[in-house]
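Input: a single structure, listed below in structure tokens.
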There are 2 protein chains.
Amino acid sequence: MTEQYRVFEAELTGTEKGNPYTDVWLKAAFQNDAEKIEVNGFYCGNGIYKIRFMPAKPGVWNAVTRSNDPLLNNMELLCECVAAGEGNHGRVLRKNEVLGKDGFSGEDSFHFMYEDGTKFQPFGTTCYAWINQEEEIQEQTLETLKNSCFNKVRMCIFPKYYTYNTKNPLNYAFEGNEADGFDLTRFYPPFWENLEKRIRQLDALGIEADIILLHPYDRWGFSKMSRETDVFYLKYTVDRLCHFKNVWWSLANEFDLLTWKSIEDWELYARVIMRRDCYGHLRSIHNCFKMYDHSRPWITHASIQRIDIYKTSEAVTEWREQYHKPIVVDECAYEGNINLGWGNITGEEMTRRFWEGCIRGGYLSHGEVYVQHEKIWWAHGGRLHGASYPRIAFLKEIMDDVPHKAAPLKLTPENRKENWDVPCLCREDDNSFFLYYFGFSQPSFRIFKLPEGHKYKIELIDTWNMTIQKLPGTYVGEIRVELPQKQYMAVRIKKV
Amino acid sequence: MTEQYRVFEAELTGTEKGNPYTDVWLKAAFQNDAEKIEVNGFYCGNGIYKIRFMPAKPGVWNAVTRSNDPLLNNMELLCECVAAGEGNHGRVLRKNEVLGKDGFSGEDSFHFMYEDGTKFQPFGTTCYAWINQEEEIQEQTLETLKNSCFNKVRMCIFPKYYTYNTKNPLNYAFEGNEADGFDLTRFYPPFWENLEKRIRQLDALGIEADIILLHPYDRWGFSKMSRETDVFYLKYTVDRLCHFKNVWWSLANEFDLLTWKSIEDWELYARVIMRRDCYGHLRSIHNCFKMYDHSRPWITHASIQRIDIYKTSEAVTEWREQYHKPIVVDECAYEGNINLGWGNITGEEMTRRFWEGCIRGGYLSHGEVYVQHEKIWWAHGGRLHGASYPRIAFLKEIMDDVPHKAAPLKLTPENRKENWDVPCLCREDDNSFFLYYFGFSQPSFRIFKLPEGHKYKIELIDTWNMTIQKLPGTYVGEIRVELPQKQYMAVRIKKV
């Protein structure tokens, strides 16, 4: 029995001769009363092949294999699927898609949702090379994540060669090693088994694996494979991993540093992924100095590194207007004390950027680079040492409480008067909810004009000290709210 | 005897009949061996007329008056001018102009200079309505300015009606009062005498008076005078005040809030000022939501209110490229705790904005709005209560020490590598000086590649705690500098 949204797996034995990775193809079309979904199997080494399938609907799914290897051809498969258990909400998709709305328009365009209709708001973090560290550190990373608020991790398949992260990995995706070179036609099964194990463990923690397929931080040659090898690698990766509900595809990290790849390459790779991934997992591509054209139809959400050093997540407003897609600021700089310019903001500034972005209807990812520790979270995983992560957890609680139909306040001549400087998330349809964020400003009081005909309760939120103070009584009309003349305050106003 | 750059004044007695302000004109052309400069006299009430003249060169200047009043016509005037005394450097002009360079190009285009060639870097502050307060407060303001580092004050002629500043002024520029109305054809001499006294007192303190000629914060009607009355008022103001060397003309504060005035109006007013001001004092116009076209030839420097709430003085780089003129961010928001969005940044943030702007080759103005005090500096003057003003004084000392030919570092592929995130002021011609500012970043160390062939000394500057720590020894080549993992640090590197 397979639980809905979880992985059905059939193990088959086929040929070991030649190079099964390049020579053998294997497919199966799973069918219930209404639907037929074709998946690609893949080779696991030692003559073992696997077919995986993630049923999105309960019931009986039948399939017959097809292959150019007679040992694998014409096998009957049966997947009996039962309804999803508690906490299993399926894939994360664009909210519009889950709600059956077309295209990119309206507030729902900017958000995500589990496919069963459960709310999902990403609060990401970054551990690029965590699966390439010693076993003990990988376990520690999972333990840290378990105790954190993060529900998305950016992580690479290929090892990472970059300042503070120059060791060889435990395993490589391809057969071979640095000294003797790599066989780019054969994958190395232990690497993939570990990767899958980690994806499953993340899923058990409710964490999405935002898998970075290509990146430029390389000394082994994986960033400079030919177009054909890239496609070969992408097909294998998708065939093998797309059955995990918590997988997102990030085509590249800092794509524009891979200067030897063209836009045509990326567009081709996107088509390959779309063709092989029958589940339509989320797809993005992440920039360094210049943005990819996130309006391309294959891109489900904008995965952004801030380009301006000073105006970062505040630009969510403009990016929403530009792309009409969910905006995920996957790099708004990292908390830490590194020498390099992207990794030395304070915990306060990191927290501020999260708030600024979320109040504007965007999403952010965290990262941490404190050089005094041997393991640096952003690359190795391990432990968190910063000041922002508990505040991000606090923000997540606040955001979980935001009503479904809330959206960033639009500046009209009317509300511009008092509140032109403060972003606000609110429900304009019934005036039931307002959440203002004051950021680095330190007003000692503020005037609010509450919508007529309603009573409100007001809470002062100290986003840094993580306190919520309910003001006594209820409020109507134009009111003056005393504030503590401190940075990082928010005001939450709810209809009684 | 008149000192060079100071005011020669001749008092004449003419008609008192009719309305001398509108009916009588009076001119005199001062002449030495090489030059002839025509000035307009003005009426002071009680049959008294004055002719003023600021000689820019020592020697004998002769003039004969001309007037439509026979009592004022054909009078001989003699101005004997002696060389400027200590501390008297004349007008502040664009550096290009002082150096005899044409147009707007090269680094000198972005700076000011006293006309005698002495360095002048504006560190402004804002006391819009200080001359309209009680005598005692005006004196207190001068005392505060005397003990501050500020060398430019933005100040209005017309009284100010705006939150926290709603009282009637002591005097008005025109005859009349609020109850009975104003006679917009007659000026009120005591107002102008006081204004002149204050301008002279500022000059004695080495402070430029950035005079705001029109502004929208009004309940008396001075912002809604006809075009003809505006011109009448501007002519009188310029005829009377242009002889003071420390006068700058700010056509308007937040010109775009005076929605009933057109661009044609402003352009006309600029022409009127240029025609009447024979000394070519600095001219600007200041915005609220939308920038005036600062590339207009009559504008000597951009007087900017930041439009973006988040990226403020960092935009100096772009504004320099856009206008090729001195960039003065006269409002980058104010330090304080006011309810309104432009007036509640911290002392730290104000100081940071000053540094960010100065390191980029721009200039800033300060302002302070702490509501718990009866007198609020930005409007009334009085006393300073904030945390930024001593730090701005410290910055001024640092900037005074910057060598003449220093300019903002241009990002090239070479220096982009290590230092893309940090603005730097440096002398690229001889590699003798570098001043890096780290702003809100908190790196624990930094790599610098010092230019080859030179030895350097290095100083760590804590811009908030106002300390300068010289690192032991001298440095060559690629070096690692330990930093204290704190915000608001700068590094100064000087050739030994």
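A short reminder: the numbers here are calculations on the coordinates, not readings from a lab. Because the structure is predicted, anything quoted here is derived from the model rather than measured. Backbone-built Cβ (ideal geometry, glycine too); neighbour counts: all protein chains shown.
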## Note on the structure
The orientation-averaged projected area of the Cα convex hull of chain B, in nm², is 24.4 nm²
### Task
First select every other residue whose beta carbon is under 11 angstrom from the beta carbon of A:Met155; then total the charges, Lys and Arg +1, Asp and Glu -1.
+2
## Note on the structure
Rounded to 0.05, the calculated FRET efficiency for the beta carbons of B:Val231 and A:Trp260 at R₀ = 60 Å is 0.40
### Message
Can you tell me the orientation of helix A:388-400 relative to chain A, as the angle in degrees between its alpha-carbon axis and the longest Cα principal axis, to the nearest 10?
### Response
80 degrees
#### Entry: Angle in degrees between helix B:135-146 and the longest Cα principal axis of chain B, rounded to the nearest 10
40 degrees
### Task
Give me the net charge of A:Met350's neighbourhood, meaning all other residues with Cβ under 15 Å from the Cβ of A:Met350; Lys, Arg count +1, Asp, Glu -1.
-3
### Query
For the cross-link pairs B:Lys167/B:Lys375; A:Lys261/A:Lys290; A:Lys410/A:Lys457, which exceed 20 Å when the distance is taken from alpha carbon to alpha carbon?
A:Lys410/A:Lys457
### Message
Counting other C-beta atoms within 10 Å, and keeping those with at most 13, which DSSP coil trypsin sites (Lys or Arg not before Pro) do you find in the stretch A:383-478?
### Response
A:Lys410, A:Lys455
## Note on the structure
Checked the stretch B:77-148 against the a/c 1.5 cut and the a/b vs b/c comparison, axes a ≥ b ≥ c from its Cα gyration tensor; verdict oblate
### Lys, Arg +1 and Asp, Glu -1 on Cβ, resulting dipole of the stretch B:2-82 about Cα centre, debye, nearest 20
140 debye
#### Entry: Computed E for A:Asn19/B:Glu321 - FRET, C-beta separation, R0 45 angstrom, nearest 0.05
0.20
### Query
Where along chain A is the Cβ that lies nearest the axis linking it to chain B, and how many Å separate them?
A:Lys311, 2
#### Entry: Normalised contact order of the stretch B:1-145, rounded percent, pairs of Cα under 8 Å and 6 or more residues apart
21 percent
### Query
Taking neighbour Cβ counts within 10 Å as the exposure measure, how do A:Tyr217, A:Tyr128 sort from fewest upward?
A:Tyr217, A:Tyr128
### Query
Under the Karplus relation 6.51 cos²θ - 1.76 cosθ + 1.60, θ = phi - 60°, what is the ordered set of whole-Hz ³J(HN,Hα) values for the stretch B:202-207, x standing for Gly and Pro?
4, 4, 4, 8, x, 10
### Query
Tally Lys and Arg at +1 and Asp and Glu at -1 over the other residues with C-beta under 10 Å from the C-beta of B:Asn132: what net charge comes out?
+1
### Eligible aspartates and glutamates near B:Lys495 by straight Cα distance, threshold 15 Å, same-chain separation 8 or greater
B:Asp401, B:Glu428, B:Asp429, B:Asp430, B:Glu452, B:Glu459, B:Glu478
#### Entry: Net length gained if the chain between B:Thr163 and B:Glu452 were fully extended (0.36 nm per residue, minus Cα distance)
98.3 nm
### Task
Taking each label point as 7 Å beyond Cα in the direction of the beta carbon, state the distances from A:Lys290 to the same residue in the other copies, shortest first, in nm.
3.1
### Task
Compare the Cα positions of A:Gly100, A:Thr125, A:Leu145 along the charge dipole of the stretch A:97-162 (+1 at Cβ of Lys, Arg; -1 at Cβ of Asp, Glu; about the Cα centre) and return the one farthest towards the positive end.
A:Thr125
### DSSP bridge pairs, the protein assembly as shown: antiparallel proportion in percent, nearest 5
70 percent
#### Entry: Long-range amide H partners of B:Asp218 with built H, under 5 Å
B:Tyr161
### Query
Between A:Asn177 and A:Glu459, 0.36 nm times their residue separation minus their Cα-Cα distance comes to what?
95.7 nm
### Inverse of mean 1/r across different Cα pairs in the stretch A:1-116, Kirkwood, Å
15.9 Å
### Summary
Tilt, helix A:347-359 to longest principal axis of chain A (alpha-carbon atoms), in degrees rounded to tens, equals 90 degrees
#### Entry: Anisotropy class of the stretch B:394-496 from Cα gyration tensor, a/c 1.5 cut
rounded
#### Entry: In Hz, Karplus ³J(HN,Hα) per residue of the stretch A:233-250 (6.51, -1.76, 1.60; θ = phi - 60°; x = Gly, Pro)
5, 5, 4, 4, 4, 5, 4, 8, 9, 5, 7, 8, 5, 9, 8, 10, 9, 10
### Query
Taking the Cα centre of the stretch A:407-495 as the origin, how large is its charge dipole in debye, to the nearest 20, when only Lys and Arg (+1) and Asp and Glu (-1) carry charge on their Cβ atoms?
140 debye
### 7 Å along Cα→Cβ, label-point gaps from A:Gly106 to other copies, nm, shortest first
6.3
### Task
State, to one decimal in nm and shortest first, how far the label point of A:Ile263 sits from each corresponding label point in the other identical copies (label point: 7 angstrom along Cα-to-Cβ).
3.3
### Message
What does the extension gain come out to for B:Ser295 and B:Ala34, with contour length at 0.36 nm per residue minus their alpha carbon separation?
### Response
90.7 nm
### Query
Let a ≥ b ≥ c be the square roots of the eigenvalues of the Cα gyration tensor of the stretch B:100-195; is it rounded (a/c under 1.5), or, if not, prolate (a/b larger than b/c) or oblate?
prolate
### Task
Please get the size of the charge dipole for chain A, origin at its Cα centre, with Cβ charges of +1 on Lys and Arg and -1 on Asp and Glu, quoted in debye to the nearest 20.
1060 debye
### Summary
Output field shielding_mean for B:336-343 (other chain Cβ, 10 Å radius) holds 6
